Amino acid sequence: MKKKNLLFLFSLTSLTLASIGDNLPEFQNCLTDCDCQTIPQSIFWSCLANCNYFCQQHITNIREAQGDPTVQFYGKWPFIRVFGFQEFFSTIFSLMNLYVNYKNITPIFRQYRRNDNIYGYKTMYLQYLGLLIVSCVGWGFSAMFHFKDTKITETLDYFGAFAIVLSNLNVIVVRVFHLFAPSRSIILLFWHVLLIMFYITHVTMLKMDWDYGYNTTVNIIVGVSTMVLWCVHSWTVYGTYSKNYIVCNNSIQLLPHETKLLHKLTYLSMSAKSSLIPLIPILNNLILVCGIMLELNDFPPWGRLIDAHALWHLLTVYPSFIWFDWNIWDVEMMKIFNDGTKKKIELM
(Lines give C-alpha, C1' and ligand atoms only; values in the text may rest on other atoms or scores of the structure.)
Protein backbone atom coordinates (compact mmCIF):
# COMPACT_ATOMS: atom_id res chain seq x y z
CA MET A 1 0.00 0.00 0.00
CA LYS A 2 1.40 3.43 -0.92
CA LYS A 3 2.08 5.95 1.81
CA LYS A 4 -0.48 8.38 0.40
CA ASN A 5 -3.19 5.74 0.56
CA LEU A 6 -2.14 4.79 4.09
CA LEU A 7 -2.38 8.36 5.33
CA PHE A 8 -5.66 8.91 3.48
CA LEU A 9 -7.34 5.93 5.14
CA PHE A 10 -6.27 7.08 8.61
CA SER A 11 -7.49 10.61 7.90
CA LEU A 12 -10.93 9.20 7.07
CA THR A 13 -11.01 7.37 10.40
CA SER A 14 -9.99 10.48 12.30
CA LEU A 15 -13.00 12.35 10.98
CA THR A 16 -15.27 10.20 13.16
CA LEU A 17 -12.97 9.25 16.05
CA ALA A 18 -10.72 12.27 16.44
CA SER A 19 -8.61 12.36 19.62
CA ILE A 20 -5.60 14.40 20.74
CA GLY A 21 -3.20 11.72 19.58
CA ASP A 22 -4.65 11.58 16.06
CA ASN A 23 -3.95 15.25 15.47
CA LEU A 24 -0.35 15.29 16.70
CA PRO A 25 1.90 16.28 13.76
CA GLU A 26 4.52 13.75 14.83
CA PHE A 27 1.92 10.97 14.72
CA GLN A 28 0.74 11.97 11.24
CA ASN A 29 4.37 12.16 10.07
CA CYS A 30 5.00 8.69 11.48
CA LEU A 31 2.06 7.31 9.52
CA THR A 32 3.30 8.99 6.35
CA ASP A 33 6.79 7.54 6.72
CA CYS A 34 5.67 4.11 7.90
CA ASP A 35 6.99 1.16 5.92
CA CYS A 36 5.41 -2.19 6.77
CA GLN A 37 8.60 -4.00 5.82
CA THR A 38 10.62 -2.31 8.58
CA ILE A 39 8.24 -2.58 11.55
CA PRO A 40 7.19 -5.59 13.67
CA GLN A 41 4.32 -7.52 12.11
CA SER A 42 1.38 -9.43 13.60
CA ILE A 43 -0.44 -12.15 11.68
CA PHE A 44 -3.76 -10.94 13.11
CA TRP A 45 -3.37 -7.43 11.71
CA SER A 46 -3.06 -5.76 8.32
CA CYS A 47 -0.22 -3.51 7.21
CA LEU A 48 -2.43 -0.50 7.87
CA ALA A 49 -3.23 -1.65 11.42
CA ASN A 50 0.40 -2.54 12.16
CA CYS A 51 1.54 0.93 11.11
CA ASN A 52 -1.16 2.47 13.28
CA TYR A 53 -0.05 0.41 16.27
CA PHE A 54 3.66 1.06 15.70
CA CYS A 55 3.17 4.83 15.46
CA GLN A 56 0.93 4.95 18.54
CA GLN A 57 3.51 3.09 20.60
CA HIS A 58 6.39 5.13 19.18
CA ILE A 59 4.75 8.49 19.92
CA THR A 60 3.63 7.33 23.37
CA ASN A 61 7.20 6.24 24.19
CA ILE A 62 8.48 9.68 23.22
CA ARG A 63 5.80 11.47 25.24
CA GLU A 64 6.50 9.36 28.32
CA ALA A 65 10.24 10.03 28.02
CA GLN A 66 9.49 13.77 27.90
CA GLY A 67 7.10 13.56 30.85
CA ASP A 68 4.04 14.35 28.73
CA PRO A 69 0.67 12.70 29.51
CA THR A 70 -0.55 9.64 27.62
CA VAL A 71 -3.17 10.54 25.01
CA GLN A 72 -5.80 8.57 23.12
CA PHE A 73 -5.67 7.74 19.42
CA TYR A 74 -8.95 7.36 17.52
CA GLY A 75 -10.88 7.33 20.80
CA LYS A 76 -8.81 4.56 22.43
CA TRP A 77 -5.79 4.32 24.69
CA PRO A 78 -2.54 3.04 23.11
CA PHE A 79 -2.60 -0.48 24.58
CA ILE A 80 0.36 -2.83 24.20
CA ARG A 81 -0.59 -5.94 22.25
CA VAL A 82 -0.08 -9.27 24.03
CA PHE A 83 -0.10 -12.36 21.79
CA GLY A 84 -1.84 -10.23 19.17
CA PHE A 85 -4.63 -9.17 21.58
CA GLN A 86 -5.44 -5.48 21.16
CA GLU A 87 -6.69 -5.15 24.76
CA PHE A 88 -5.36 -8.23 26.52
CA PHE A 89 -6.88 -7.86 29.99
CA SER A 90 -10.26 -6.62 28.77
CA THR A 91 -10.39 -9.71 26.56
CA ILE A 92 -9.41 -12.04 29.43
CA PHE A 93 -11.89 -10.48 31.84
CA SER A 94 -14.64 -10.71 29.21
CA LEU A 95 -13.85 -14.41 28.82
CA MET A 96 -13.99 -14.79 32.61
CA ASN A 97 -17.50 -13.33 32.58
CA LEU A 98 -18.43 -15.68 29.75
CA TYR A 99 -17.12 -18.66 31.75
CA VAL A 100 -18.94 -17.72 34.97
CA ASN A 101 -22.25 -17.31 33.15
CA TYR A 102 -21.70 -20.55 31.26
CA LYS A 103 -21.05 -22.42 34.53
CA ASN A 104 -24.37 -21.15 35.89
CA ILE A 105 -26.37 -22.74 33.07
CA THR A 106 -26.13 -26.25 34.54
CA PRO A 107 -27.53 -25.48 38.05
CA ILE A 108 -30.31 -23.30 36.63
CA PHE A 109 -31.23 -25.92 34.03
CA ARG A 110 -31.22 -28.56 36.79
CA GLN A 111 -33.70 -26.47 38.78
CA TYR A 112 -35.77 -25.95 35.66
CA ARG A 113 -36.11 -29.71 35.15
CA ARG A 114 -36.79 -30.42 38.83
CA ASN A 115 -39.69 -28.02 39.20
CA ASP A 116 -43.27 -28.26 38.03
CA ASN A 117 -45.19 -25.27 36.73
CA ILE A 118 -48.13 -25.20 39.13
CA TYR A 119 -46.93 -21.89 40.53
CA GLY A 120 -44.86 -21.01 37.47
CA TYR A 121 -41.45 -21.96 38.89
CA LYS A 122 -40.45 -23.62 35.63
CA THR A 123 -41.31 -20.43 33.76
CA MET A 124 -39.25 -18.37 36.22
CA TYR A 125 -36.19 -20.56 35.76
CA LEU A 126 -36.67 -20.32 32.00
CA GLN A 127 -36.20 -16.55 32.29
CA TYR A 128 -32.89 -17.11 34.06
CA LEU A 129 -31.79 -19.57 31.38
CA GLY A 130 -32.60 -16.97 28.75
CA LEU A 131 -30.50 -14.38 30.58
CA LEU A 132 -27.57 -16.78 30.87
CA ILE A 133 -27.61 -17.70 27.18
CA VAL A 134 -27.83 -14.04 26.14
CA SER A 135 -25.03 -13.19 28.60
CA CYS A 136 -22.76 -15.88 27.19
CA VAL A 137 -23.30 -14.57 23.65
CA GLY A 138 -22.86 -10.95 24.76
CA TRP A 139 -19.62 -11.62 26.65
CA GLY A 140 -18.36 -13.61 23.68
CA PHE A 141 -18.92 -10.56 21.48
CA SER A 142 -17.17 -8.41 24.10
CA ALA A 143 -14.11 -10.68 24.02
CA MET A 144 -14.04 -10.54 20.21
CA PHE A 145 -14.23 -6.72 20.26
CA HIS A 146 -11.40 -6.31 22.78
CA PHE A 147 -9.30 -8.85 20.94
CA LYS A 148 -9.64 -6.89 17.70
CA ASP A 149 -11.55 -3.65 17.31
CA THR A 150 -13.30 -3.57 13.95
CA LYS A 151 -16.62 -2.08 12.86
CA ILE A 152 -18.22 -5.54 12.95
CA THR A 153 -16.89 -6.53 16.38
CA GLU A 154 -17.80 -3.11 17.79
CA THR A 155 -21.38 -3.47 16.50
CA LEU A 156 -21.69 -6.99 17.93
CA ASP A 157 -20.30 -5.81 21.27
CA TYR A 158 -22.80 -2.96 21.60
CA PHE A 159 -25.76 -5.05 20.47
CA GLY A 160 -24.75 -7.91 22.76
CA ALA A 161 -24.33 -5.61 25.75
CA PHE A 162 -27.78 -4.09 25.26
CA ALA A 163 -29.30 -7.56 24.94
CA ILE A 164 -27.80 -8.45 28.35
CA VAL A 165 -29.18 -5.25 29.89
CA LEU A 166 -32.67 -5.95 28.54
CA SER A 167 -32.57 -9.60 29.58
CA ASN A 168 -31.64 -8.58 33.12
CA LEU A 169 -34.56 -6.16 33.15
CA ASN A 170 -36.79 -8.98 31.96
CA VAL A 171 -35.96 -11.38 34.79
CA ILE A 172 -36.49 -8.85 37.56
CA VAL A 173 -39.78 -7.58 36.07
CA VAL A 174 -41.04 -11.15 35.72
CA ARG A 175 -39.97 -11.92 39.29
CA VAL A 176 -41.24 -8.75 40.99
CA PHE A 177 -44.62 -8.67 39.24
CA HIS A 178 -45.10 -12.47 39.30
CA LEU A 179 -45.45 -12.66 35.53
CA PHE A 180 -44.24 -16.27 35.81
CA ALA A 181 -47.59 -17.26 37.33
CA PRO A 182 -49.68 -19.37 34.89
CA SER A 183 -52.57 -16.95 35.33
CA ARG A 184 -50.40 -14.14 33.89
CA SER A 185 -49.05 -15.99 30.86
CA ILE A 186 -50.74 -13.56 28.44
CA ILE A 187 -49.18 -10.59 30.23
CA LEU A 188 -45.80 -12.34 30.11
CA LEU A 189 -46.14 -12.89 26.37
CA PHE A 190 -47.07 -9.25 25.83
CA TRP A 191 -44.07 -8.16 27.95
CA HIS A 192 -41.67 -10.31 25.92
CA VAL A 193 -43.05 -9.00 22.62
CA LEU A 194 -42.62 -5.46 23.95
CA LEU A 195 -38.98 -6.12 24.90
CA ILE A 196 -38.20 -7.68 21.52
CA MET A 197 -39.75 -4.73 19.69
CA PHE A 198 -37.77 -2.33 21.90
CA TYR A 199 -34.53 -4.18 21.12
CA ILE A 200 -35.17 -4.26 17.37
CA THR A 201 -36.06 -0.56 17.37
CA HIS A 202 -32.92 0.33 19.31
CA VAL A 203 -30.48 -1.59 17.10
CA THR A 204 -32.22 -0.37 13.94
CA MET A 205 -31.83 3.25 15.04
CA LEU A 206 -28.16 2.65 15.76
CA LYS A 207 -27.60 1.06 12.37
CA MET A 208 -29.27 4.02 10.67
CA ASP A 209 -27.40 6.63 12.74
CA TRP A 210 -24.67 5.34 15.06
CA ASP A 211 -25.10 7.71 18.00
CA TYR A 212 -22.94 6.80 21.02
CA GLY A 213 -24.73 9.35 23.21
CA TYR A 214 -28.15 7.89 22.42
CA ASN A 215 -26.92 4.34 23.05
CA THR A 216 -25.39 5.33 26.39
CA THR A 217 -28.54 7.15 27.50
CA VAL A 218 -30.81 4.20 26.71
CA ASN A 219 -28.50 1.74 28.47
CA ILE A 220 -28.28 3.97 31.56
CA ILE A 221 -32.07 4.36 31.79
CA VAL A 222 -32.70 0.61 31.43
CA GLY A 223 -29.75 -0.31 33.65
CA VAL A 224 -30.65 2.05 36.49
CA SER A 225 -34.31 0.95 36.34
CA THR A 226 -33.17 -2.66 36.63
CA MET A 227 -30.91 -1.87 39.57
CA VAL A 228 -33.72 -0.10 41.41
CA LEU A 229 -36.08 -3.05 40.90
CA TRP A 230 -33.46 -5.53 42.12
CA CYS A 231 -32.77 -3.45 45.23
CA VAL A 232 -36.49 -3.02 45.98
CA HIS A 233 -37.07 -6.75 45.52
CA SER A 234 -34.06 -7.58 47.69
CA TRP A 235 -35.27 -5.33 50.50
CA THR A 236 -38.77 -6.81 50.27
CA VAL A 237 -37.41 -10.35 50.49
CA TYR A 238 -35.28 -9.26 53.44
CA GLY A 239 -38.42 -8.06 55.22
CA THR A 240 -40.23 -11.32 54.54
CA TYR A 241 -37.23 -13.38 55.64
CA SER A 242 -36.85 -11.39 58.85
CA LYS A 243 -40.54 -11.76 59.79
CA ASN A 244 -40.40 -15.50 59.15
CA TYR A 245 -36.80 -16.04 60.30
CA ILE A 246 -37.46 -19.14 62.39
CA VAL A 247 -39.29 -20.88 59.54
CA CYS A 248 -36.73 -19.91 56.90
CA ASN A 249 -33.60 -20.43 58.97
CA ASN A 250 -34.66 -23.93 59.95
CA SER A 251 -35.75 -24.96 56.48
CA ILE A 252 -33.90 -27.98 55.06
CA GLN A 253 -35.08 -26.72 51.67
CA LEU A 254 -33.02 -23.52 51.99
CA LEU A 255 -30.02 -24.89 53.93
CA PRO A 256 -27.88 -26.15 51.00
CA HIS A 257 -28.44 -22.95 49.04
CA GLU A 258 -27.66 -20.73 52.04
CA THR A 259 -24.49 -22.69 52.76
CA LYS A 260 -23.33 -22.21 49.18
CA LEU A 261 -24.07 -18.49 49.26
CA LEU A 262 -22.28 -17.96 52.58
CA HIS A 263 -19.27 -19.82 51.21
CA LYS A 264 -19.14 -17.59 48.14
CA LEU A 265 -19.39 -14.45 50.27
CA THR A 266 -16.10 -15.43 51.89
CA TYR A 267 -14.41 -14.60 48.59
CA LEU A 268 -15.09 -10.97 49.49
CA SER A 269 -13.68 -11.59 52.99
CA MET A 270 -17.20 -11.17 54.35
CA SER A 271 -18.21 -13.11 57.45
CA ALA A 272 -21.91 -12.98 56.62
CA LYS A 273 -24.89 -14.30 58.52
CA SER A 274 -27.79 -16.09 56.86
CA SER A 275 -30.06 -13.18 57.79
CA LEU A 276 -28.11 -10.98 55.34
CA ILE A 277 -28.49 -13.34 52.36
CA PRO A 278 -31.65 -11.55 51.11
CA LEU A 279 -29.53 -8.41 50.64
CA ILE A 280 -27.05 -9.98 48.19
CA PRO A 281 -28.66 -8.28 45.13
CA ILE A 282 -28.05 -4.90 46.80
CA LEU A 283 -24.40 -5.88 47.35
CA ASN A 284 -24.10 -6.96 43.71
CA ASN A 285 -25.54 -3.69 42.46
CA LEU A 286 -23.20 -1.70 44.69
CA ILE A 287 -20.31 -3.53 43.02
CA LEU A 288 -21.75 -2.67 39.61
CA VAL A 289 -22.11 0.99 40.63
CA CYS A 290 -18.41 0.99 41.57
CA GLY A 291 -17.71 -0.29 38.06
CA ILE A 292 -19.78 2.49 36.55
CA MET A 293 -17.82 5.04 38.60
CA LEU A 294 -14.63 3.61 37.12
CA GLU A 295 -16.04 4.08 33.63
CA LEU A 296 -16.95 7.70 34.40
CA ASN A 297 -13.44 8.37 35.76
CA ASP A 298 -11.36 6.87 32.99
CA PHE A 299 -7.57 6.97 33.27
CA PRO A 300 -4.58 6.02 31.10
CA PRO A 301 -3.96 2.26 31.27
CA TRP A 302 -1.48 0.95 33.83
CA GLY A 303 1.50 -0.32 31.92
CA ARG A 304 -0.59 0.30 28.78
CA LEU A 305 -2.48 -2.88 29.68
CA ILE A 306 -5.21 -2.26 32.26
CA ASP A 307 -7.59 0.70 32.11
CA ALA A 308 -10.88 1.57 33.84
CA HIS A 309 -12.90 -0.41 31.30
CA ALA A 310 -10.84 -3.55 31.93
CA LEU A 311 -11.38 -3.17 35.69
CA TRP A 312 -15.11 -2.72 35.06
CA HIS A 313 -15.16 -6.08 33.30
CA LEU A 314 -13.23 -7.61 36.21
CA LEU A 315 -15.73 -6.25 38.72
CA THR A 316 -18.68 -7.79 36.87
CA VAL A 317 -17.30 -11.31 37.37
CA TYR A 318 -18.23 -11.61 41.04
CA PRO A 319 -21.92 -10.59 40.77
CA SER A 320 -22.47 -13.30 38.14
CA PHE A 321 -20.51 -15.74 40.31
CA ILE A 322 -23.10 -15.46 43.11
CA TRP A 323 -26.17 -13.96 41.41
CA PHE A 324 -27.82 -17.12 40.09
CA ASP A 325 -27.22 -19.04 43.32
CA TRP A 326 -29.19 -16.28 44.98
CA ASN A 327 -31.96 -16.56 42.40
CA ILE A 328 -32.28 -20.29 43.14
CA TRP A 329 -32.41 -19.49 46.87
CA ASP A 330 -35.03 -16.82 46.18
CA VAL A 331 -37.31 -19.22 44.30
CA GLU A 332 -36.83 -21.96 46.91
CA MET A 333 -37.77 -19.53 49.64
CA MET A 334 -40.86 -18.52 47.70
CA LYS A 335 -41.84 -22.19 47.44
CA ILE A 336 -41.89 -22.53 51.23
CA PHE A 337 -44.92 -20.28 51.35
CA ASN A 338 -46.56 -21.43 48.12
CA ASP A 339 -46.59 -25.19 48.65
CA GLY A 340 -50.23 -25.25 49.66
CA THR A 341 -49.60 -26.34 53.25
CA LYS A 342 -48.58 -23.01 54.72
CA LYS A 343 -50.00 -19.55 54.59
CA LYS A 344 -49.08 -18.01 51.25
CA ILE A 345 -46.87 -14.93 51.53
CA GLU A 346 -46.38 -12.88 48.40
CA LEU A 347 -42.76 -11.87 47.96
CA MET A 348 -43.56 -8.66 46.12
Legend entry - Filter result for the condition that a residue is aliphatic (A, V, I, L, M) and either in contact with a Lys or Arg (Cβ under 6 Å, 6 or more places away or on another chain) or at pLDDT below 95 (or both), over Ile133, Ile105, Ile152: Ile152
Inset, instruction - State which residue pairs qualify: first residue assigned by TED's automatic domain parsing to the domain that holds Met293 and surrounded by 21 or more Cβ atoms within 10 Å (Cβ to Cβ) and inside the stretch 310-321, second residue among the charged types (D, E, K, R) and at pLDDT below 95 in any location, beta carbons under 8 Å apart, and separation of 6 or more residues or different chains. - result: Ala310/Glu87
Legend entry - Residues of the stretch 328-346 satisfying the condition of being among the aliphatic types (A, V, I, L, M) and at pLDDT 70 or above: Ile328, Val331, Met333, Met334, Ile336
Legend entry - Evaluation of Val237 against (1) surrounded by 19 or more Cβ atoms within 10 Å (Cβ to Cβ); (2) more than 21 Å from the chain's Cα centre (by Cα); (3) of a type in the set (A, V, I, L, M, F, W, C); (4) at pLDDT 95 or above (one fails), failing number: (4)
Inset, instruction - Could you tell me whether Tyr245 is touching a residue at least 24 places away in the same chain (Cβ under 8 Å), surrounded by 16 or more Cβ atoms within 10 Å (Cβ to Cβ) and at negative phi? - result: no
Inset, instruction - Just need a number here: residues in the stretch 92-114 that are free of Cβ contacts under 8 Å to residues at least 24 places away in the same chain and either closer than 19 Å to Ile172 by Cβ or more than 18 Å from the chain's Cα centre (by Cα) (or both). - result: 6
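Just to be sure, is Phe180 buried (at least 17 other Cβ atoms within 10 Å of the Cβ), more than 20 Å from the chain's Cα centre (by Cα), in contact (Cβ under 8 Å) with a residue 12 or more places away in the chain and in the same structural domain as Ser320 (by TED's automatic domain parsing)?
yes
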Inset, instruction - Write out, first by first residue and then by second, each pair whose Cβ atoms fall under 9 Å of each other, whose residues are 6+ apart or on separate chains, and whose first residue, in the stretch 61-75, is within 13 Å of Asp298 (Cβ to Cβ) while the second is basic (Lys, Arg) and part of a loop (DSSP other than H, G, I, E, B). - result: Thr70/Arg304
Inset, instruction - Give the residue, chosen from Gly130, Gly138, Gly160, that is buried (at least 23 other Cβ atoms within 10 Å of the Cβ), in a helix (DSSP H, G or I), assigned by TED's automatic domain parsing to the domain that holds Asp325 and not aliphatic (A, V, I, L, M). - result: Gly138
Inset, instruction - Tell me which of these Met197 doesn't satisfy, since it passes every other one: (1) touching a Leu at 6+ places or on another chain (Cβ under 9 Å); (2) at pLDDT 95 or above; (3) surrounded by fewer than 16 Cβ atoms within 10 Å (Cβ to Cβ). - result: (1)
Legend entry - Exclusive hit being modelled with pLDDT of 90 or more and in a helix (DSSP H, G or I), set Gln57, Gln28: Gln57
Inset, instruction - Considering (1) exposed (fewer than 12 other Cβ atoms within 10 Å of the Cβ); (2) more than 23 Å from Thr316 (Cβ to Cβ); (3) not β-branched (Val, Ile, Thr), say which one Leu255 fails and leave the rest. - result: (1)
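Take the residues of the stretch 265-319 that are acidic (Asp, Glu) and modelled with pLDDT under 90: which is farthest from Gly75 (Cα to Cα)?
Restricting to residues being acidic (Asp, Glu) and modelled with pLDDT under 90, the top hit is Glu295.
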Inset, instruction - Quick one: Tyr125 ticks every box in (1) in contact (Cβ under 8 Å) with a residue 60 or more places away in the chain; (2) touching a Phe, Trp or Tyr at 6+ places or on another chain (Cβ under 6 Å); (3) not assigned by TED's automatic domain parsing to the domain that holds Leu188 except a single one, so which number is it? - result: (3)
Inset, instruction - Name every residue in the stretch 71-112 that is assigned by TED's automatic domain parsing to the domain that holds Pro301, surrounded by fewer than 16 Cβ atoms within 10 Å (Cβ to Cβ) and among the β-branched types (Val, Ile, Thr), in order of residue number. - result: Thr106
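The values are calculated or read from the model by the stated rules, or taken from the named source; none is laboratory data. Nothing here was measured: the structure is a model prediction, and the numbers come from that model. A quick note on method: Cβ atoms are made from the backbone with ideal geometry, for glycine too, and the neighbour counts reach across all protein chains shown.
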